[in-house]
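Heads up: the structure comes next, in structure tokens.
The values are calculated or read from the model by the stated rules, or taken from the named source; none is laboratory data. The structure presented is a predicted model; accordingly, all values stated were derived computationally and were not measured. All Cβ positions, glycine included, derive from the backbone under ideal geometry; neighbour counts span all protein chains shown. The protein model used for the area step is the full one, side chains on, heavy atoms only, and it has no ligands, DNA or RNA in it. Shrake-Rupley method; radii C 1.70, N 1.55, O 1.52, S 1.80 Å.
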Amino acid sequence: MAKIILYWSNVPEKFGYKTIDEWKDSNLKFSPLHDLVFKSHERLENDVELWTHQKVDNFNYKGIVIKDASQIISHNDVFNALTWGHSIAFVADAVRIKRASQTLGIVLDMDCVCLKKFPDYDSWYSTMPAKRTSSMAPKWGPKKPPMKVHDGSWNGKELTIFPIKISQKTQDVMSKFADKIMQKLRIRPKGGTDEWNSILWTVKAIANTDTTAKVYQPIYMSPLPAWCGSGKCYSIEDPTRLDGNTKLFGYPMPSIDDILKNSYCVAHFFESAFQDANLIENDKWNEIPKGSLLYKEMEYIKYK
């Protein structure tokens, strides 16, 4: 299977790092969710690179190699970008896309628990649930086209999301795309711009020209909507709305059984970088309710 590319660094402001040296010489802090994520990779014997701009001590997960992200974008550029207000999610996108374009790898988020080995297609793309009703539902058309599903298996009317698998056909355009993201990080952000969506719109545009790629419906790669606020997620609810019957904004929510049966991975948005959510703390982690999807995932991968 292809190499999986991750990125993680702590945001200096949130952790009290005031200088570049203080930040880059500090030990990278993980959360309990990351332990579950790493154990899920170990269980599947995945080949994983974890890129970071900080130091990592006592990291003993089989098959996961720590890599120095300053080889791709400098500490100075990233520290300035984060100080100016750029999201750490943009840094993660740049590093992961650049490296995955070199290795023909898989770009994966750090909050994704892996349940099954990823498929072996040369290239593939993922979608997550889009609202079907309400004023926030996408108005599909020429100005907002859906994903092109080249095999015609479904209509593509969902939101583009990571993970993606880069192939020889797309590696050059993806590498140049990563360079453009890094250029943006070297400029102070403009207030009110939706740069997160602009990145995913570009991924969609590339996917729509990648005619031999597989495009997956949400249940396979990103079954949960990201409609809950910062620090919340449908995966930690009990009673759960993941029952196969509940509809939210016109979208039929999958059941926990459906997810465990069909999903390759599950993103848990209570720690999501693009939602600017904080890391979960140990006391809350130890109280994950037994009826929640997250608890069932722990059972599924035999996590203790």
Next item on the list: Scan (1) charged (D, E, K, R); (2) at pLDDT below 95; (3) over 17 Å from the mean Cα position of the chain (by Cα) for the single condition Glu195 breaks and write down its number.
Entry: (3)
Notebook entry, point to check: Of these, Lys14, Lys3, which one is among the basic types (Lys, Arg), in contact (Cβ under 8 Å) with a residue 60 or more places away in the chain and more than 30 Å from Tyr300 (Cβ to Cβ)?
Noted result: Lys14
Next item on the list: For the stretch 198-210, name all the residues that are open to solvent by 70 Å² or more (accessible area, probe 1.4 Å) and modelled with pLDDT of 95 or more.
Entry: Thr209
Notebook entry, point to check: Got a sec? Which strands (runs of 3 or more DSSP E) wholly within the stretch 1-119 have at least 2 residues that are open to solvent by 30 Å² or more (accessible area, probe 1.4 Å) and not aliphatic (A, V, I, L, M)?
Noted result: 64-68
Next item on the list: Could you tell me which of the residues Tyr220, Tyr295 is of a type outside the set (S, T, N, Q), over 29 Å from Glu13 (Cα atoms), within 15 Å of the chain's Cα centre (by Cα) and open to solvent by 10 Å² or more (accessible area, probe 1.4 Å)?
Entry: Tyr220
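Let's see how each residue does on (1) out of contact with any Lys or Arg (no Cβ under 7 Å at 6 or more places or on another chain); (2) of a type outside the set (Gly, Ala, Ser); (3) under 25 Å from Lys139 (Cα atoms):
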| position | (1), (2), (3) |
| --- | --- |
| Ala226 | yes, no, yes |
| Pro254 | yes, yes, yes |
| Ile259 | yes, yes, no |
| Ala277 | yes, no, no |
| Lys284 | yes, yes, no |
| Tyr303 | no, yes, no |
Note to self: Can you confirm whether Ser134 is among the small types (Gly, Ala, Ser) and open to solvent by 10 Å² or more (accessible area, probe 1.4 Å)?
What the structure shows: yes
Next item on the list: Go through the stretch 232-251 and give me each residue that's of a type in the set (S, T, N, Q) and surrounded by 12 or more Cβ atoms within 10 Å (Cβ to Cβ).
Entry: Ser235, Thr240, Thr246
Item checked: Near pairs, Cβ below 9 angstrom, 6+ apart or cross-chain, from the stretch 48-71 (modelled with pLDDT of 95 or more) to any residue that is among the basic types (Lys, Arg) and part of a loop (DSSP other than H, G, I, E, B) -> Val48/Lys3; Glu49/Lys3; Gln54/Lys29
Check: Name the residues in the stretch 143-174 that are closer than 25 Å to Ala100 by Cα, open to solvent by less than 70 Å² (accessible area, probe 1.4 Å) and in a loop (DSSP other than H, G, I, E, B), would you?
Finding: Pro146, Met147, Val149, His150, Gly156, Glu158, Ile166, Ser167, Thr170
Check: Out of all the residues in the stretch 1-30, which are of a type in the set (S, T, N, Q), touching a helix residue (DSSP H, G or I) at 6+ places or on another chain (Cβ under 9 Å) and farther than 21 Å from Phe162 by Cα?
Finding: Thr19, Ser26
